[in-house]
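J.: Can you read through this structure? Questions will come right after.
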Amino acid sequence: MSSTASGHAQLDPRLALPFPEAVLPVLRNPQLRKNVAHAIDVIQTKRAKLVLEKTDWQALRTAASAIRTHALENLGAYLEQFEERCTAAGGVVHWAADADEARKIILDLLRQENASEVIKIKTMTSAEIQLNPYLQAAGVDVFETDLAEIILQLGNEEPSHIVVPALHINRSQVREIFARRMGLKGLSDDPKVLTNAARTYLRQKFLSVSTAISGANFLIAETGAVAVVESEGNGRMCLTLPKTMITVAGIEKVLPRLQDLEVMLQLLARSATGERMSPYTSLWTGVTPGDGPQRFHVVLLDNGRSAMLTKPVERQTLKCIRCAACMNACPVYRQTGGHAYGSVYPGPIGAILTPQLMHMEYSQSLPYASSLCGACYEVCPVKINIPEVLLELRSQVVNQERKQLTRIFDPMYLGLLIANLLFAKAWRFHLAQRLGRVGLKLFTRKDEWIHSLPNLGAKWTQTRDLRGLPDETFHEWWASRAKGAK
Amino acid sequence: MSASVTSRQRVLDRIRLATQSCAKNSAGRAEDYAKLPRNYIRRSQPGASVRWELMIKRLREYDAEVVECTPDELPATITAQLTASGRHSFVAPVGLPTEWRSTGFQWKIDRGIDTSEIEQAEGVVTAAFCGVADSGTIVLHHSSNEGRRVITLLPDWHLCILRATQLVETLPEYFDRCLQPPSLATYISGPSATADIEMTRIKGVHGPRFLNVILVSDENVSVLDKDAVQTVSIPAEVGSLKGR
């Protein structure tokens, strides 16, 4: 499936194929799997080393989990506090109930600014609301400024990871994209040369485009500040040079106090990129005269989040600080990469976040895209019990399926229905055993193994043999033995 | 913007409804917040030399260049650094001490100068608010001797002067020093970098490619010498979260 310019059609949960089908092209693409495995190995090695040196790692996780839980339990009050402080500092706070409202608010703001171009800091939230294709269609040129996002935008590629979104693309593929789209001949595939090409490509944009869009890593209720964590300095460029800044942030991003960052910042970079701190963390509060954008807007996005707040199990999902440690640790993600999840949020967090953002109307296959091994929970810096949420969502999916009339054509449903009937009474079970023995006898070879079965049974025997049923069950043997003893 | 007002109400109503069983009133929130478990490390290990040496090690790991000097040696050390850089034009924040602006170089003092002028400068010299040794982080609160955010962003070379009293070991100790929450802050942990292509770390994408740090001891003895004779008292822990 091809994507539209900077759109994420393949990653729209409403259009995406179920995980088991979407994964097939990836499993047949050895280059992609190699790229993904390499990137993950590098991050995992760096992370493990830095986590080990932190003797209070578990205490930090416990604190982070408690802070995030407390913030979510009191989300309404903390959001209002953030709004009040940000507004007092000269910012303008907007509220968007869903993706469509957020997009419209942002486009309206850009129209007020007469902005025909906009520069962007990497933001997962804007990808979630499919902002880029919407703005492009409305005639606004969007320039991503994070190196990985540039690679994706110029190459018409989809993000496959929330921290290193182009990890599935290797250096020679980047060289090809840059050579073609930037018109650079004789470009080498040295990452240093490629990075420099991006620096040159963007420098003029930074200095001339007057409106920028960012996401937020954290919103601070106590001060009304916004925090953005990044590596390249493209974020600082966008936060400093334009006249107008628009930040789009999920409502869950709020922290009660500035000092809560002392916990979050120690966990975030170590978990995300295997660094002690990311090169740049920027904090700003509304508007500062003489320094940076003089017009500042925050769009607070709900888009399905408030529905996750009701029950503690699902609420955990919103503790996420988007570090991607769960996908780096996931044995499923390692094999499949991110695209198969059909969402901008892949991996274990995507498997629980996406279906809930979609109000359980789409992406129902994702809660099953896990072996429930628990590696994601173990590495999660805010202790989201992802396996627990996966199981809860699976039960919700099953409850949905129970209500569907078409279920009677589903072989698994029929099989379980019959099993339910047979297991309900002992005589039914014994009868089934006897009938099964007669039926299977036809397929059992001399070596007492069944090597091939017809129809549905073939799904088993295609890959392994089935032991033939014995002539007598244990029950039958026990009963005959008791008779003989008399 | 009546549509936004209704959206605000809609979103807040949804949140209120969903959290009605767990949300607390103002006093209850404060009480719950004070009880949050915080058993992580707050305080430095004793001895100023521990964090001093750790800071140097971390900065060098980031490929930053670090030199140490005493307060008396500072102006000469700055001059030596500027000379060694082979650069001539530098931006200075408006509050940078005059004796830090070495003679023989071209200085642009940032009284709201144009971006293009900053872009043309070859380097920038600033003070800092704090240094965090654990992560090798330089903290800027953008006061008058640290400058506006843009001046430490566009020039390719940044010389930052950090005093021993400004050095803490842990991130919580830095936050303890934020008695007034800063309205602007930038935490710099090594030069601009990316690993987006095959996880190969490349230094210098958009921010300054070169970070130089001068660490200035408290008095005219090096921190290391002084530590050998007496244990330097750790700066009082202020504004601690504990007990709130």
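The values are calculated or read from the model by the stated rules, or taken from the named source; none is laboratory data. These numbers were taken from a predicted model, which means no experiment stands behind them. So basically every Cβ, Gly included, is an ideal-geometry build from the backbone, and we count neighbours across all protein chains shown.
J.: Taking A:I150 and the conditions (1) out of contact with any Gly (no Cβ under 6 Å at 6 or more places or on another chain); (2) more than 30 Å from A:R85 (Cα to Cα); (3) away from chain B (no Cβ under 11 Å); (4) not hydroxyl-bearing (S, T, Y), which numbered condition does it fall short on, given that it satisfies the others?
T.: Unmet for A:I150, out of (1) out of contact with any Gly (no Cβ under 6 Å at 6 or more places or on another chain); (2) more than 30 Å from A:R85 (Cα to Cα); (3) away from chain B (no Cβ under 11 Å); (4) not hydroxyl-bearing (S, T, Y): (3).
J.: Residues to consider are A:T69, A:T55; find the one that is among the polar types (S, T, N, Q) and assigned to a loop (DSSP other than H, G, I, E, B).
T.: That would be A:T55, the only listed residue that is among the polar types (S, T, N, Q) and assigned to a loop (DSSP other than H, G, I, E, B).
J.: Is it true that A:Q173 is in contact (Cβ under 8 Å) with a residue 12 or more places away in the chain and polar (S, T, N, Q)?
T.: Criteria met by A:Q173.
J.: Moving on. Which ranges mark the helices (runs of 4 or more DSSP H) fully within segment A:185-301 that have 1 or more residues being surrounded by fewer than 21 Cβ atoms within 10 Å (Cβ to Cβ)?
T.: Where helices (runs of 4 or more DSSP H) fall fully within segment A:185-301 and carry at least 1 residues being surrounded by fewer than 21 Cβ atoms within 10 Å (Cβ to Cβ), they are A:191-208.
J.: Name the pairs: first residue in segment A:150-169 and assigned by TED's automatic domain parsing to the domain that holds A:A39 and more than 21 Å from A:T200 (Cβ to Cβ), second residue hydrophobic (A, V, I, L, M, F, W, C) and not in a loop (DSSP other than H, G, I, E, B), Cβ to Cβ under 7 Å, at least 6 apart or on different chains?
T.: Close Cβ pairs (under 7 Å, with a partner that is hydrophobic (A, V, I, L, M, F, W, C) and not in a loop (DSSP other than H, G, I, E, B)) do not exist here.
J.: Please go through segment B:114-146 and pick out each residue that is of a type outside the set (A, V, I, L, M), more than 9 Å from chain A (Cβ to nearest Cβ) and not in a helix (DSSP H, G or I).
T.: If the condition is that a residue be of a type outside the set (A, V, I, L, M), more than 9 Å from chain A (Cβ to nearest Cβ) and not in a helix (DSSP H, G or I), then B:D114, B:E122, B:G123, B:T126, B:F129, B:C130, B:G131, B:H141, B:S143, B:S144, B:N145, B:E146 are the ones that fit.
J.: Checking A:S172 against (1) within 21 Å of A:H161 (Cα to Cα); (2) crowded, with 24+ Cβ neighbours inside 10 Å; (3) modelled with pLDDT under 95: exactly one of these is not met. Which one?
T.: Among (1) within 21 Å of A:H161 (Cα to Cα); (2) crowded, with 24+ Cβ neighbours inside 10 Å; (3) modelled with pLDDT under 95, the lone unmet condition for A:S172 is (2).
J.: Could I ask something else about it? Here is a check on your reading of the model: is A:P411 in contact with a Pro (Cβ under 9 Å, 6 or more places away or on another chain) and either assigned by TED's automatic domain parsing to the domain that holds A:P20 or loosely packed, with under 15 Cβ neighbours inside 10 Å (or both)?
T.: Considered against the rule, which asks whether it is in contact with a Pro (Cβ under 9 Å, 6 or more places away or on another chain) and either assigned by TED's automatic domain parsing to the domain that holds A:P20 or loosely packed, with under 15 Cβ neighbours inside 10 Å (or both), A:P411 comes out as no.
J.: Which members of segment A:367-406 meet the condition of being at positive phi and in contact (Cβ under 8 Å) with a residue 60 or more places away in the chain?
T.: Correct list: A:K383 only.
J.: Run down B:L159, B:L179, B:L167 and say which single residue is more than 10 Å from chain A (Cβ to nearest Cβ), surrounded by fewer than 20 Cβ atoms within 10 Å (Cβ to Cβ) and in contact (Cβ under 8 Å) with a residue 60 or more places away in the chain.
T.: Within the list B:L159, B:L179, B:L167, the selection yields B:L179.
J.: In segment A:186-218, what count of residues is obtained for those that are touching a Ser or Thr at 6+ places or on another chain (Cβ under 9 Å) and more than 10 Å from chain B (Cβ to nearest Cβ)?
T.: 9
J.: Please tell me if B:I197 is part of a strand (DSSP E or B) and either buried (at least 24 other Cβ atoms within 10 Å of the Cβ) or touching an Asp or Glu at 6+ places or on another chain (Cβ under 7 Å) (or both).
T.: no
J.: Tell me, yes or no, whether segment A:197-208 has at least one residue that is in contact (Cβ under 8 Å) with a residue 24 or more places away in the chain and closer than 30 Å to A:C326 by Cα.
T.: Checked against the condition, which is being in contact (Cβ under 8 Å) with a residue 24 or more places away in the chain and closer than 30 Å to A:C326 by Cα, segment A:197-208 yields at least one hit.
J.: Within segment A:430-449, identify whether any single residue is among the aromatic types (F, W, Y), over 25 Å from A:P18 (Cβ atoms) and more than 23 Å from the chain's Cα centre (by Cα), and answer yes or no.
T.: Checking segment A:430-449: at least one residue is among the aromatic types (F, W, Y), over 25 Å from A:P18 (Cβ atoms) and more than 23 Å from the chain's Cα centre (by Cα).
J.: Being among the charged types (D, E, K, R), assigned by TED's automatic domain parsing to the domain that holds A:I246 and either within 25 Å of A:C323 (Cα to Cα) or surrounded by 21 or more Cβ atoms within 10 Å (Cβ to Cβ) (or both) is the requirement here; does A:R68 meet it?
T.: no
J.: Let me ask another. Does segment B:83-90 include one or more residues that are under 23 Å from the mean Cα position of the chain (by Cα) and more than 16 Å from B:V216 (Cβ to Cβ)?
T.: Yes, there is a match, as at least one residue in segment B:83-90 is under 23 Å from the mean Cα position of the chain (by Cα) and more than 16 Å from B:V216 (Cβ to Cβ).
J.: Go through segment A:35-80 residue by residue and tally those that are hydrophobic (A, V, I, L, M, F, W, C), over 23 Å from the mean Cα position of the chain (by Cα) and within 8 Å of chain B (Cβ to nearest Cβ).
T.: 5
J.: May I ask you to say which residue of B:R14, B:R43 is within 14 Å of chain A (Cβ to nearest Cβ) and modelled with pLDDT of 95 or more?
T.: The conditions single out B:R14.
J.: Exactly one condition in (1) facing another protein chain (nearest Cβ under 9 Å); (2) touching a Ser or Thr at 6+ places or on another chain (Cβ under 9 Å); (3) in a loop (DSSP other than H, G, I, E, B) is not met by B:A185; state its number.
T.: Evaluating B:A185 over (1) facing another protein chain (nearest Cβ under 9 Å); (2) touching a Ser or Thr at 6+ places or on another chain (Cβ under 9 Å); (3) in a loop (DSSP other than H, G, I, E, B) leaves (3) as the failure.
J.: Which one of these is at the interface with another protein chain (Cβ under 8 Å from one of its Cβ atoms), closer than 30 Å to A:V299 by Cβ and of a type in the set (S, T, Y): B:S21, B:S26?
T.: B:S26
J.: Something else: Got a sec? Which of A:E117, A:E128, A:E113 is surrounded by fewer than 24 Cβ atoms within 10 Å (Cβ to Cβ) and either touching a Phe, Trp or Tyr at 6+ places or on another chain (Cβ under 8 Å) or of a type in the set (K, R) (or both)?
T.: Criteria check complete, one pass: A:E117.
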